[in-house]
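Below: one structure, written as structure tokens.
Each reported figure results from applying straightforward, stated rules to the coordinates on display, with no laboratory input. On a predicted model such as this, the values are computed, not experimentally measured, just so you know. We place every Cβ from the backbone using ideal geometry, glycine too, and count neighbours over all the protein chains shown.
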């Protein structure tokens with residue numbers, strides 16, 4: 001199936017439409033909430049939570065015997081929340097650092113989940129097939145009711161984020177200040193963490209326990225490079241997330257044997273890579289260009305200063321000097337000389353250079369500035 | 001016990017020990033999550049290695065996979081150095097990408113690669129005894145026993161050779177640099193050992209659970225001691241106990257061995273988290289309660305010292321004057337009485353000479369900003385603690 005075929009199919013084929021819609025909504029919500037996780041420096045919390053939700057899925061099935069998405073996700077939510085609060089408890093109450101707490105809860109909960117899953121698999125009459133799709137996720141299992149559930153949760157989360165926007169923003173950037181103004185920072189922390197846990201749990205079915213954290217991080221990390229404003233970042237991150245979902249689904253539907261989760265993650269990673277390189281301001285490309293320009297300017301100014309020091313000893317500042325004496329000076333390059341000529345700071349004639357009035361004034365100014373800055 | 005059972009337990013124990021040693025240093029260096037990243041991102045290296053060798057136990061495959069673990073570390077550090085995102089975000093970005101590439105490589109070549117993604121992720125130690133080394137018809141034991149055994153031996157040799165350097169660079173990187181050790185070499189050395197161990201262990205316990213074997217014993221040990229050598233020994237012991245206990249739990253439940261080893265290790269941590277002397281939750285909350293009561297005691301004594309008039313010092317007026325509940329007031333008064341700091345005559349409380357001396361010294365320490373010295377002083381004055 002090629003791409004044009006794919007796009008006609010999206011509008012006609014029920015399954016494909018459901019899956020595309022589902023991954024798009026998932027990308028959008030996890031991208032938006034992921035912005036908060038990234039800015040709170042809790043990027044890896046998502047990884048820990050998604051792993052920690054596995055025993056909940058297994059236990060929910062073990063206790064109820066029902067394999068419906070809602071029940072399993074409720075179990076995942078509970079065990080994800082327990083994991084989150086235990087991580088906080090460890091960091092708060094012991095001298096263990098957050099990375100240890102995260103790694104510990106992540107692996108131990110995951111291990112317990114595996115234990116339960118294998119235990120269930122060996123039970124004689126359990127219809128357990130399909131539980132292990134939660135490891136890697138299987139977008140193909142999405143049905144319309146799942147998409148409705150996703151839309152509902154996304155709508156509620158969006159509403160809450162907008163309702164508490166000001167408070168979240170303040171708490172994010174200056175928690176102490178928010179606390180001193182009388183905001184209930186504990187409640188705000190709890191609310192935003194719970195929303196993040198919910199977003200992660202929603203994604204388990206589609207991209208799975210192991211890759212869900214990337215859905216949270218990658219769009220936010222990409223969006224962060226384009227803007228310094230929280231609002232813009234959240235919106236952009238949502239868009240990146242949704243696009244990753246749509247494009248990823250398209251790729252995996254058009255190639256054979258490509259599981260959706262990993263493809264979506266790779267598409268999101270491409271967004272990150274492009275943003276790292278091409279984002280204006282922060283991006284690596286523009287930063288390199290800026291460095292180069294600064295370096296050239298610095299070399300030019302150094303050369304001008306050297307010339308000024310020679311010229312100021314003469315009565316006539318425009319007295320010509322040999323270009324050769326510049327060779328003793330390390331900052332001198334042909335490029336900076338050419339730049340000085342272009343800016344009409346110097347004139348070069350017969351391999352002799354002389355300062356212009358303009359160049360002299362510029363050099364004097366430069367000195368004044370640098371002396372000012374030392375004071 | 002059959003010989004296969006003994007072999008499985010032996011392999012599990014060796015894996016646990018081999019993981020616990022680098023794990024201890026990872027926990028101390030606040031790099032626990034790096035092990036998570038490494039364990040996921042060895043996957044593409046593994047797949048490529050498997051293409052070339054068709055043997056999960058081949059040394060070339062182990063080296064290739066370990067190299068892709070090291071690439072993760074380097075990539076994370078590179079991204080972090082650009083300053084575009086924080087370190088944790090860099091970790092969280094790199095490993096899912098490499099893992100995804102691995103998963104796609106496996107799926108794309110499902111027909112050529114007899115590599116089960118579940119096996120990579122979860123491991124199947126139960127099958128380890130079936131893959132044996134046979135030379136000239138002689139049986140030299142399971143292959144993975146040899147693999148993990150040599151990795152463990154290497155780890156122990158490196159640990160003994162570079163213990164001093166590791167210790168110094170873990171606790172004081174600047175001093176290590178000034179003394180001429182290169183923290184960079186030690187850092188990458190440790191990362192290489194962690195990568196190789198992860199690869200060696202993955203086929204026994206799976207990629208994710210290696211993380212548990214590295215972190216959980218070390219974290220449990222760290223709750224019990226702050227001495228590096230003791231911590232190493234404890235971590236190794238917890239690892240062994242978890243491996244053997246986990247095996248029998250799995251045997252009993254007929255479930256995944258790796259999963260139950262992890263669960264047992266988690267249970268160890270939970271026990272230490274709750275009951276560790278000095279650092280566990282129980283002992284911390286006990287200490288906090290005691291501290292609180294002793295602060296109340298001091299406030300109470302100060303109140304007594306400040307008021308000459310009997311009306312302020314009457315036992316009936318305590319709740320009124322310092323606003324305490326009856327129960328709390330009684331426990332504080334009892335503590336003061338037991339320590340001979342007050343006497344009660346006709347319902348009026350007065351300080352004893354010892355009580356006023358304690359209060360005087362306490363005020364002095366508080367005024368001079370040396371509040372922590374009060375803890376020392378308490379030991380001198382208190383017969384009974386709160």
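Taking beta carbons within 10 Å but only from partner chains, what does the mean come to for residues B:257-265?
Working: counts 3, 4, 12, 7, 2, 9, 9, 4, 4.
Average neighbour count from other chains, rounded to a whole number: 6.
Subtract the Cα-Cα distance of residue A:338 and residue A:289 from 0.36 nm times their separation in residues, and report this length gain in nm to one decimal. Don't jump to the answer; show the numbers that get you there.
On the way: separation 49, 0.36 × 49 = 17.64 nm, distance 1.94 nm.
Gain in length upon complete extension: 15.7 nm.
Given the C-alpha atoms of chain A, compute the convex hull and give its volume per residue in Å³.
Spread over its residues, the Cα hull of chain A gives 232 Å³ apiece.
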For segment B:3-279, rounded, prolate or oblate, judged on the Cα gyration tensor with a ≥ b ≥ c (square roots of eigenvalues), a/c < 1.5 rounded, else prolate if a/b > b/c?
oblate
Using the alpha-carbon centroid of each, what span in Å lies between segment B:158-223 and segment A:204-273?
33
Cα pair distances in segment A:221-299, grouped into 5 Å bins until the bin that holds the longest one, percent each:
3, 16, 18, 17, 14, 12, 9, 5, 3, 2, 1, 0
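Provide B:64, A:39 in ascending order of the number of other Cβ atoms located within 10 Å of each residue's Cβ, fewest first. Walk me through the intermediate numbers first.
Values: B:64 23, A:39 19.
Going from least to most buried by this count: A:39, B:64.
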With angles folded into 0 to 90 degrees, how steeply does helix A:69-93 sit against the dominant principal axis of chain A? Use alpha carbons for both and round to 10.
50
What nm value, rounded to one decimal, do you get for the distance between residue A:74 and residue B:82 when each label is placed 7 Å out toward the C-beta?
4.4
What is the angle, in °, between the Cα long axis of helix B:143-171 and the longest principal axis of the Cα atoms in chain B? Nearest 10 is fine, range 0 to 90.
40
Could you work out how far the C-alpha centroid of segment B:236-289 sits from that of segment A:45-63, in angstrom?
19
So how far apart, in nm, are the two label points at residue A:144 and residue A:297 if each is 7 Å from Cα heading toward Cβ?
6.1
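Taking only the alpha-carbon atoms of segment B:207-279, what semi-axes of the equivalent ellipsoid follow from 5 times the gyration tensor eigenvalues under a square root, in whole Å, largest first? Write down the numbers at each step before the final one.
Details: eigenvalues 101, 30, 19 Å².
In descending order the semi-axes read 23, 12, 10 Å.
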Between the modelled labels at residue B:307 and residue B:185 (7 Å from Cα along Cα→Cβ) the distance in nm is 7.1
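Viscosity 1.002 mPa s, temperature 20 °C: give me the Stokes-Einstein translational D for the protein assembly as shown in µm²/s, with Rh taken as the Kirkwood radius over C-alpha pairs.
Values: Rh = 30.3 Å.
Estimated diffusion coefficient is 71 µm²/s.
Estimate the FRET efficiency between residue A:133 and residue A:194 by the formula 1/(1 + (r/R0)^6), using the beta-carbon distance for r and 35 Å for R0, to the nearest 0.05. It would help to have the intermediate numbers written out before the result.
Details: r = 25 Å, r/R0 = 0.71.
That gives a FRET efficiency of 0.90.
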What does the structure give for B:79-86 when I average, per residue, the other chain Cβ atoms found within 10 Å of the residue Cβ?
5
P(r) of segment A:1-82 over all Cα-Cα pairs, 10 Å bins starting at 0, rounded to whole percent, reads 16, 29, 30, 22, 3
Using only the alpha-carbon atoms, how far is helix B:87-108 inclined from the longest principal axis of chain B? Give it as 0 to 90 degrees, nearest 10.
30
A:358, A:97, B:328 arranged by Cβ crowding within 10 Å, fewest neighbours leading:
A:358, B:328, A:97
So what's the back-of-envelope 222 nm ellipticity for chain A, counting only DSSP H runs of four-plus at -39500 (n - 2.57) apiece and dividing by all residues, rounded to 500?
-25500 deg cm²/dmol
Just want the ordering: A:177, B:95, from fewest to most Cβ atoms lying within 10 Å of their own Cβ.
A:177, B:95
